[in-house]
Amino acid sequence: MTLQLDARVPTGPLGDKWNKHRFEMKLVNPANKRKSTIIVVGSGLAGAAGAATMSELGYKVKCFCFQDSPRRAHSIAAQGGINAAKNYQNDGDSVYRLFYDTVKGGDFRSREANVYRLAEVSVNIIDQCVAQGVPFAREYGGLLANRSFGGAQVSRTFYARGQTGQQLLLGAYQALERQIERKGVTMYPRTEMLDLVVIDGKARGIVTRNLVTGAIESHVADAVVLASGGYGNVFFLSTNAQGSNATAIWRAYKRGAGFANPCYTQIHPTCIPVSGEYQSKLTLMSESLRNDGRVWVPKKQGDKRDPRQIPENERDYYLERKYPSFGNLAPRDIASRAAKEVCDEGRGVGDSGLGVYLDFGDAIKRVGADVIRERYGNLFEMYQRITNENPYEVPMLIYPAVHYTMGGLWVDYNLMSTIEGLHVTGEANFSDHGANRLGASALMQGLADGYFVIPNTVGDYLASNKPEKVDASHPEFKAAEEQVAQRTKKLLSIDGKRTVMSFHRELGKIMWDYCGMARNEAGLQKALGLVRALRGEYWRNVNVPGSDVELNQALEKAGRVADFLELGELMIIDALHRKESCGGHFREESQTADGEALRDDENFAYVAAWEYAGEGKPPILNKEPLVFENVKLSQRSYK
């Protein structure tokens, strides 16, 4: 069956769509809200904000996270800032400019209406967070401060030193805890969603496993919201927390939700390089550092001198040279490929040759070490603890790493997937960033979806559909529980010779080598065969110790890696089918004369939404054409 990709974009001028749509949406009166139950999976910015706001409106909310506290959601790791079109700096910013920068930054592969709404709502987010007490940085006179991020020529990023995600999450967490205390939200920590239950074509609940006791339980609702984050850990080494996974959205995909643009993955240009074969995680160095840090490599190949001994005329500030208009604040996909290019030329630094310098020497001379410490002190301290080098004295060593995924479950303007009643927010959906997300826009999207979009659109769904009452004794819930139990027992019964971690590491290397920063037909075809073979071996030879009636982290990871093996295959299939370069998807066969991404708007100006066709069958491609009425399609240039 072919998916129905109706984006439900409201009619009328771009700037009026959201307000017009909100007026036209059906409402649920306060008494009826108390009769409706909504499930929220995930407690990061999108999940916590959505759960708290819907409970504030009067709905009964169940919120689930696999961590021991919603405070541990991975949103807490975001560092640099959050964008908003406030124009406090009077430097020419506006809602329309933020909209345009986001569409252009995503290489014209996003839906105009969704992006404009994001830019429009951004101004409300800052007011909301300030009211919560989020300690944004302020100028000497007390006004909120801003800094610049990649892909923009204005300063629109609000920040809390280098821990903006943590402070924003604490604000959302406090709002969530307030609703938990007043019994509006029931919180289920250490509980993992393992299946979605669909009845008569509508999402009616989830099946979970209690990660402490192993109990498999069903939870019924009138609507389900997935806010479970992205799938960057398919690459094994990424800046994501080790627990971050794709299981919730992948199980929804296998129940009928379209998966959009899975090959769109973001490689962040400033991360601490890989240090050894047995490393299990990479560490982000915020993009905000490129406000004051200058990126360079030696002009000569194989130059192993101490960076402080390399004179200015023997340094190549390659971003400033190639992209003079944006310099070190070129977008992430462009800055990452540029770093790979100079390393491939033999000019990379560090023991592996896979590194470039991020140098603060000029900034310290210009404004002093105390000012730099005030702006980035916690980031410098983190870098020194990890590398044992002092970035106030020696340039940072950085290299690109997997950071974010622009792909995700397909959603319409209401953030509803192809399954009625299943809404998807934040990084778990595909909606706003096209083929490349601009820095400081993930926090913006998560809070926009949670605080301002989903509380409106879920209400419209409930008022329009009036779901029938069901309970956990329904046959569909019992069947899903049985499938989860059988899958769990199968993983425990294999008793093979290889650990789950070894399979994950091997999958990650395949994905990085052939479906990472640069991709080509031959490499992707090879990767497809390797991933399929690895998945076959996984179900024959994985070893999962312990039992399913206790805390068993090996079992948790086994289920997640099994999903990553299937998702990795879909990512490769998507990358093979999209024979153009756009944003973070760089096909070597499709590039300009000077090595930039070359789009093919005639053949690929669409969202690729993949439909699960059944075990062992190839996924079905569905297309949502992208229509640009307000932005002119053009070759991206940051020069």
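The values are calculated or read from the model by the stated rules, or taken from the named source; none is laboratory data. Remember, it's a predicted structure, so these values are computed and weren't measured experimentally. Every residue, glycine as well, gets a Cβ built from its backbone with ideal geometry; the counts of neighbours run over all protein chains shown. Each accessible area value is taken on the protein alone, full model and side chains, heavy atoms only, with ligands, DNA and RNA left out. Shrake-Rupley method; radii C 1.70, N 1.55, O 1.52, S 1.80 Å.
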Open item on the list: Could you list, ordered by first residue, the pairs with Cβ atoms under 8 Å in which the first is in region 503-523 and farther than 14 Å from Ser238 by Cα and touching a residue at least 24 places away in the same chain (Cβ under 8 Å) and the second is part of a helix (DSSP H, G or I) and of a type in the set (Ser, Thr, Tyr), at least 6 apart or interchain?
Closed with: Phe503/Tyr538
Task: Selection count, region 474-531, where residues are touching a Phe, Trp or Tyr at 6+ places or on another chain (Cβ under 9 Å) and more than 29 Å from Asp333 (Cα to Cα) - done: 6
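Every residue, every condition in (1) open to solvent by 20 Å² or more (accessible area, probe 1.4 Å); (2) part of a strand (DSSP E or B), yes or no:
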position	(1), (2)
Val297	no, yes
Asn313	yes, no
Leu319	no, no
Ala335	no, no
Ala339	no, no
Arg347	yes, no
Ser352	yes, no
Open item on the list: Among the residues in region 520-543, are any buried (at least 20 other Cβ atoms within 10 Å of the Cβ), modelled with pLDDT of 95 or more and over 28 Å from the mean Cα position of the chain (by Cα)?
Closed with: yes
Open item on the list: I'd like the residue in region 362-414 that is among the hydrophobic types (A, V, I, L, M, F, W, C), assigned to a helix (DSSP H, G or I) and open to solvent by 20 Å² or more (accessible area, probe 1.4 Å) and, out of all such residues, is farthest from Ser280 (Cα to Cα).
Closed with: Val367
Task: Flag for Gly508 being under 27 Å from the mean Cα position of the chain (by Cα) and either buried (at least 16 other Cβ atoms within 10 Å of the Cβ) or not assigned by TED's automatic domain parsing to the domain that holds Ala338 (or both) - done: yes
- [ ] Keeping to region 607-639, report how many residues are surrounded by fewer than 18 Cβ atoms within 10 Å (Cβ to Cβ) and either under 20 Å from Ser417 (Cα atoms) or in contact with a Pro (Cβ under 8 Å, 6 or more places away or on another chain) (or both).
- [x] 8
Task: Among (1) within 15 Å of the chain's Cα centre (by Cα); (2) of a type outside the set (Val, Ile, Thr); (3) at pLDDT below 95, the one test that Lys466 misses - done: (1)
Open item on the list: When the residues of region 574-595 are narrowed to those that are surrounded by fewer than 19 Cβ atoms within 10 Å (Cβ to Cβ) and in contact (Cβ under 8 Å) with a residue 60 or more places away in the chain, which ends up farthest from Lys509 (Cα to Cα)?
Closed with: Gly595
TODO: State whether the residues of region 87-102 include one that is of a type in the set (D, E, K, R) and buried (at least 22 other Cβ atoms within 10 Å of the Cβ).
DONE: yes
TODO: Answer yes if at least one residue in region 490-497 is in a helix (DSSP H, G or I), open to solvent by less than 10 Å² (accessible area, probe 1.4 Å), within 19 Å of Gly214 (Cβ to Cβ) and assigned by TED's automatic domain parsing to the domain that holds His585, and no otherwise.
DONE: yes
Open item on the list: Looking at the structure I just gave you, is Val225 modelled with pLDDT of 95 or more, open to solvent by less than 10 Å² (accessible area, probe 1.4 Å) and closer than 28 Å to Gly546 by Cβ?
Closed with: no
- [ ] Would you be able to say whether some residue in region 72-79 is at pLDDT 95 or above, among the hydroxyl-bearing types (Ser, Thr, Tyr), surrounded by fewer than 24 Cβ atoms within 10 Å (Cβ to Cβ) and over 26 Å from Val470 (Cα atoms)?
- [x] no
Open item on the list: On the basis of being in contact (Cβ under 8 Å) with a residue 24 or more places away in the chain and open to solvent by less than 10 Å² (accessible area, probe 1.4 Å), does Ala241 make the cut?
Closed with: no
Task: Single residue of region 260-276 satisfying the filter (of a type outside the set (A, V, I, L, M) and over 14 Å from the mean Cα position of the chain (by Cα)) that is most open to solvent (accessible area, probe 1.4 Å) - done: Ser275
TODO: Tell me which of these Gly162 doesn't satisfy, since it passes every other one: (1) modelled with pLDDT of 95 or more; (2) open to solvent by less than 10 Å² (accessible area, probe 1.4 Å).
DONE: (1)
- [ ] Kindly list, by first and then second residue, each pair from a residue in region 554-565 that is touching a residue at least 12 places away in the same chain (Cβ under 8 Å) to a residue that is hydrophobic (A, V, I, L, M, F, W, C) and open to solvent by 20 Å² or more (accessible area, probe 1.4 Å), limited to pairs with Cβ atoms under 8 Å and residues at least 6 apart or on different chains.
- [x] Leu555/Leu492; Glu556/Phe66; Lys557/Met501; Gly559/Leu194; Ala562/Trp539
Open item on the list: Going residue by residue through region 168-178, is there one that turns out to be open to solvent by 10 Å² or more (accessible area, probe 1.4 Å), assigned to a loop (DSSP other than H, G, I, E, B) and either in contact with a helix residue (DSSP H, G or I) (Cβ under 8 Å, 6 or more places away or on another chain) or of a type outside the set (Gly, Ala, Ser) (or both)?
Closed with: no
Task: Subset of region 120-163 (residues that are of a type in the set (A, V, I, L, M, F, W, C), free of Cβ contacts under 8 Å to residues at least 24 places away in the same chain and either touching a helix residue (DSSP H, G or I) at 6+ places or on another chain (Cβ under 6 Å) or part of a helix (DSSP H, G or I) (or both)) - done: Val130, Ala131
Open item on the list: Can you report the number of residues in region 179-190 which are at negative phi and not in a helix (DSSP H, G or I)?
Closed with: 7
Task: Residues located in region 13-26, provided they are surrounded by 13 or more Cβ atoms within 10 Å (Cβ to Cβ) and not in a helix (DSSP H, G or I) - done: Met25
- [ ] Collect the residues in region 75-111 that are under 13 Å from Val121 (Cα atoms) and assigned to a helix (DSSP H, G or I), keeping them in residue-number order.
- [x] Val95, Tyr96, Leu98, Phe99
Task: region 232-264: number of residues that are more than 16 Å from His74 (Cβ to Cβ) and outside any loop (DSSP other than H, G, I, E, B) - done: 6
- [ ] Tally the residues that are hydroxyl-bearing (Ser, Thr, Tyr) and touching a strand residue (DSSP E or B) at 6+ places or on another chain (Cβ under 6 Å), restricting the search to region 356-382.
- [x] 1
Open item on the list: Tally up the residues in region 517-551 that are under 25 Å from Lys254 (Cα atoms) and assigned to a loop (DSSP other than H, G, I, E, B), please.
Closed with: 2
Open item on the list: Given (1) at positive phi; (2) without any contact (Cβ under 8 Å) to a residue 24 or more places away in the chain, identify the lone condition not met by Gly346.
Closed with: (2)
